[in-house]
Amino acid sequence: MAVRFPDRSRRRLILAVGSSALLGACAMPAAVPAPASPVAPPRVRVGDRWRYGVVDLYRNQLIDELTMQVITIEPQLRLSVTASDGSQRSEEVYADAWRAIQDPFYDLAAIFRDPNPLLPSPLRQGVYLRLTNAWRAPGESRWLYWSEWTEALQWEHISVPAGEFTALRVQRQIAYDHPDAFRLSNARTETLWYAPQVNRWVRREWTGTYLWPGMRTFSPLRDDWVEHKLLEYRPA
């Protein structure tokens, strides 16, 4: 069931109360030994639900809560995305868990020409993936360049508001073209902590840089810096 609040005042109160608990859960992840047995691929079912706090890391401020719920498995894996005021955001769409067809995590939702894996396979420390793809924003018809290097760095013990987990830390370095042709040298750094216990990431953050024409490469502009932290996981 989607999270809904009756009015904006109630929403502000909920976010204010949740903010102190969320921002207080900021212990640094610690490296741990890799699991002794192979980690199974993610498996999700209709009705699985994850709720995240969305944090602006520049201001260290909780700005929203998002609930993602699996609504279909076939022919595509689709998740509804509901904000704390009950409004519906762009869906998450995957070929399977977790190869993205539409990913609304960034400032602009990204629709990929080919399914774009968010995690390397197999889920093992040291595995990396290098790929080139194309993407477009919703409402756009022109495909744009997308290239990334994804690497599973290490297993870590991580604490988030939903609890403590052993998670695989995955780093993604992305170079891409932006729909705004005046934005040049777009680069994005993204980190995910994938926890097999919840079949999804318990923490995910991204930021990036870009240039305007005529700017020097050593002084780029900073993009958003946003983090999702798991508040609750409810399997179907």
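The values are calculated or read from the model by the stated rules, or taken from the named source; none is laboratory data. Worth saying up front: this structure is predicted, and the values here are computed from it rather than measured. So basically every Cβ, Gly included, is an ideal-geometry build from the backbone, and we count neighbours across all protein chains shown.
For region 32-54, enumerate the residues that are assigned to a strand (DSSP E or B) and touching a His at 6+ places or on another chain (Cβ under 8 Å).
Tyr52, Gly53, Val54
Test Tyr94 against the criterion of being farther than 16 Å from Val46 by Cα and among the hydroxyl-bearing types (Ser, Thr, Tyr), and give yes or no.
no
Consider Ser147 against the criteria (1) exposed (fewer than 15 other Cβ atoms within 10 Å of the Cβ); (2) closer than 20 Å to Val202 by Cα; (3) among the hydroxyl-bearing types (Ser, Thr, Tyr): it satisfies all of them except one. Which criterion is unmet?
Checking Ser147 against (1) exposed (fewer than 15 other Cβ atoms within 10 Å of the Cβ); (2) closer than 20 Å to Val202 by Cα; (3) among the hydroxyl-bearing types (Ser, Thr, Tyr), the one that fails is (2).
Quick one: which residue in Val160, Val202 is in contact with a helix residue (DSSP H, G or I) (Cβ under 9 Å, 6 or more places away or on another chain) and either over 28 Å from Pro220 (Cβ atoms) or modelled with pLDDT under 95 (or both)?
Details: Val202 fails: in contact with a helix residue (DSSP H, G or I) (Cβ under 9 Å, 6 or more places away or on another chain).
Being in contact with a helix residue (DSSP H, G or I) (Cβ under 9 Å, 6 or more places away or on another chain) and either over 28 Å from Pro220 (Cβ atoms) or modelled with pLDDT under 95 (or both) holds for just one of Val160, Val202, which is Val160.
Any residue that is touching a residue at least 24 places away in the same chain (Cβ under 8 Å), surrounded by fewer than 19 Cβ atoms within 10 Å (Cβ to Cβ) and over 19 Å from the mean Cα position of the chain (by Cα) - is there at least one of those in region 184-206?
The answer is yes, given that some residue of region 184-206 is touching a residue at least 24 places away in the same chain (Cβ under 8 Å), surrounded by fewer than 19 Cβ atoms within 10 Å (Cβ to Cβ) and over 19 Å from the mean Cα position of the chain (by Cα).
In region 129-176, how many residues are among the aliphatic types (A, V, I, L, M) and more than 30 Å from Ala34 (Cα to Cα)?
The total comes to 3.
I'd like to check something: does region 157-173 contain any residue that is without any contact (Cβ under 8 Å) to a residue 40 or more places away in the chain, within 23 Å of Leu77 (Cα to Cα) and either of a type outside the set (Gly, Ala, Ser) or out of contact with any strand residue (DSSP E or B) (no Cβ under 6 Å at 6 or more places or on another chain) (or both)?
No, that holds for no residue.
Criterion first (charged (D, E, K, R) and surrounded by 14 or more Cβ atoms within 10 Å (Cβ to Cβ)) does Arg172 satisfy it?
Criteria met by Arg172.
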